[in-house]
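Bear in mind that the values in this text are calculations on the coordinates, not laboratory data. As the structure is a prediction and not an experimental result, all values here were calculated from the model. As a convention, Cβ positions derive from the backbone with ideal geometry for all residues, glycine included, and neighbour counts pool all protein chains shown.
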Amino acid sequence: MQTLKAVSFFKALADPTRLKLMIQLRDAGASLCVCDLTQQLEQPQPTVSRHLSHLRKMGLVTCERRGTWVWYAINPNLPVWCLQIIHATQLTADDTLPLPTLPKHCC
């Protein structure tokens, strides 16, 4: 696997669909079929496949063809820092990242 740079990693996850795909794969804890991901994300299959292809090219996911479907999983060989970020990421109901409440200070 090529060396993954932080900028490339964050660029790949900057797209909301790709971030949701990574979270779905993380939460599944195993490989998921494209048909499962299209249902969960309520996105057309070509859209999901295009985003998964991008994640695969970046080395973030692995894929395996089983019959007519392709199954995807988070690449277990990602650098530890990438896996930590993926596992720590939580989306809220409106698909935003929760931000910590900062104390109010006068400047």
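One table, with the values for the structure above:
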read-out: Ranked list, fewest to most other Cβ atoms within 10 Å of each Cβ, for 26, 18; value: 26, 18
read-out: Stretch gain in nm, segment residue 68-residue 47, where the contour uses 0.36 nm per residue and the Cα spacing is subtracted; value: 5.8 nm
read-out: Fewest-first ranking of 15, 27, using other Cβ atoms within 10 Å as the exposure measure; value: 27, 15
read-out: Debye-sum result for the stretch 6-88 in log10 I(q)/I(0), which assumes one identical scatterer on each alpha carbon, at q = 0.19 Å⁻¹; value: -0.76
read-out: Neighbour net charge for residue 54 - beta-carbon separation under 13 angstrom, K R +1, D E -1; value: +4
